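The values are calculated or read from the model by the stated rules, or taken from the named source; none is laboratory data. Bear in mind the structure is a predicted one, so any value in this text is a computation, not a measurement. Here the Cβ positions follow ideal geometry from the backbone for every residue, glycine too, while neighbour counts run over all protein chains shown. For the accessible areas, the whole protein counts, side chains as well, though only heavy atoms, and no ligand, DNA or RNA atoms are used. Shrake-Rupley method; radii C 1.70, N 1.55, O 1.52, S 1.80 Å.
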Amino acid sequence: MTSQTIILFGVCLYVVVMLLVGLLAARRTSSMTDFAVSGRNMSLTVCSISIVATWFGSGPMMGSAAAAYAGNTLEVLRDPLVSGVSLFIAGFFFARTYRRSRRTTSIEFIESRVGPLAGVISSAVNLIAGTIWLGGVLFAFGVVFETLTGQPAAMGILGGTLIIVVYTMFGGLQAVAATDVLQMGFIVLGVLILFFVVLDDVGGWAVVAPQLPAHAFDFTPQGDSPRDWFDYLQVWFSSGLVAISTMSLVQRAMAARDEHVAQNAFYIGGAAYLVFGMVPVTLGYIATVSMPGIEDPNAIIPLLAMEHLHPVLVAIFVGAVISAIMSTSDSILLGCGTIISVNLLPRVHSAPSEALKLRVARWSIPVLATIALYTAFNTSTVISAIAAAISLGFAGLSAPVILNIWWSRLNSAGGYSGIFAGFLTFGVLRILYPDVPADFAGF
């Protein structure tokens with residue numbers, strides 16, 4: 001049996017196991033509350049693991065390693081460092097408020113204080129950003145699948161998407177959280193196996209450290225010009241605030257057993273994310289020494305696995321990569337489906353029943369997945385897709401969302417002014433001054 005056959009068999013076995021776990025958990029999903037927020041009874045352990053699994057997607061696993069390999073310091077700073085800090089910000093300032101509210105989405109906050117149009121705008125932006133983000137994640141799935149199995153990337157993207165859609169559609173957050181726990185185990189095991197094997201093969205840290213690029217692990221501004229500092233601050237603000245209204249994370253806060261569980265889960269998740277997120281980054285830097293000249297940096301992690309691991313260990317590592325990708329994908333789909341059901345359905349149906357909401361949420365998922373597939377087949381890099389997803393909401397919604405919770409004097413006129421000023425600034429600068437960080441100026 002060839003190495004690629006062993007790996008392909010392992011991939012197929014893994015996704016089948018994920019499907020079975022998700023469908024078993026789906027038996028406990030009988031209402032919209034179960035589907036969207038897991039009955040609001042998620043324990044600290046499950047909530048913490050689910051937060052890390054959701055956040056630890058193709059960004060740190062694939063994109064950040066590629067950014068490290070290519071010498072893109074700002075993108076390494078963005079994820080995992082600033083994205084990890086964003087979990088602490090969300091936990092300290094927002095998680096308890098989300099849980100106390102007993103709402104289902106963060107969009108309901110801005111609807112209640114600013115107005116229904118603000119809710120529609122926020123829903124639309126979240127759906128657009130979600131499908132772009134999901135497209136980037138599915139693109140990473142295709143890169144891994146083709147690199148490690150030799151099969152066409154399209155086959156992996158389509159097959160993986162189908163599995164994710166099925167268990168998310170029927171199981172909701174119950175199924176997503178159940179698979180998150182199993183997926184996080186694979187992530188930790190696979191990433192650590194690869195890290196220690198690669199480090200041993202290159203002769204240990206003492207041998208490789210002097211050969212690393214000068215910019216490695218230097219997360220300060222790389223120049224002294226105003227533009228360098230502007231770009232640096234843009235990363236901190238945009239990615240540092242991204243977790244406060246990301247639907248997949250807000251759902252975890254809403255699903256926690258109580259507000260203390262919600263807050264502490266974000267703290268634990270943030271710490272774990274920072275620790276494990278730096279492992280792929282370190283591997284990316286090591287690869288600049290051990291495997292220079294790779295044409296496609298997006299494939300650096302699977303290429304390291306192929307180069308350094310036995311086929312059986314490669315199969316385990318593939319499980320880790322697929323876990324990271326699937327744990328983000330299912331959460332994005334679930335969050336977007338919930339937005340359509342909770343925030344948009346009432347705009348076209350005056351009094352939707354719980355049964356109708358549940359049906360709409362479920363059947364929205366395959367539709368959204370189809371749109372994301374189009375994005376996946378037109379995505380050049382993982383990081384660019386994720387950055388595009390972040391920019392849109394940051395420019396027009398982040399400031400009003402923060403003020404909506406923390407400033408008692410916010411009113412409808414002020415909220416709409418902030419939203420439209422942010423989007424207008426973003427659009428004008430993107431067209432007239434494309435080199436200026438339009439999302440930061442919009443914020």
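Here are a few things to note about the model shown:
- Selected from Gly414, Gly172, Gly203 as most flexible by GNM, with the chain as the system and alpha-carbon contacts under 10 Å: Gly203
- Highest-fluctuation residue, Thr338, Thr29, Thr105 considered, GNM on the chain with Cα pairs under 10 Å: Thr29
- Exposed loop sites, defined as trypsin sites (Lys or Arg not before Pro) outside DSSP H, G, I, E and B with at most 15 other Cβ atoms within 10 Å, are absent from the longest region of the chain, namely 103-408.
- In this structure the amide hydrogen of Met42, modeled in the peptide plane, comes within under 5 Å of the amide hydrogens of Ala256, Arg257, none closer than 5 places in sequence on its chain.
- Solvent exposure of the chain as accessible area per residue, Å², 1.4 Å probe: 38
- Protein accessible area in the chain, 1.4 Å probe - carbon and sulfur %: 66
- Under the Karplus curve 6.51 cos²θ - 1.76 cosθ + 1.60, θ = phi - 60°, whole-Hz ³J(HN,Hα) for the stretch 365-373, x wherever Gly or Pro sits: 5, x, 5, 5, 4, 5, 5, 5, 4
- Taking a sphere under 14 Å around the Cβ of Ser86 and counting the other residues whose Cβ falls inside, with K and R at +1 and D and E at -1, yields a net charge of +1.
- In the elastic network of the chain, a GNM with C-alpha springs shorter than 10 Å, the most mobile of Tyr69, Tyr14, Tyr374 is Tyr374.
- Sparsely packed chymotrypsin sites (Phe, Trp or Tyr not before Pro) within the stretch 70-143, loop by DSSP, other Cβ within 10 Å at most 10: none
- Size estimate for the chain follows the Kirkwood approach: the inverse of mean 1/r over distinct Cα pairs works out to 21.8 Å.
- Charge tally in the Cβ shell below 12 Å around Ile390, where Lys, Arg are +1 and Asp, Glu are -1, Ile390 excluded: -2
- Label zone at Arg359, where the point sits 7 Å out along the Cα-to-Cβ direction: the stretch 148-171 residues whose backbone N lies under 18 Å: 169-171
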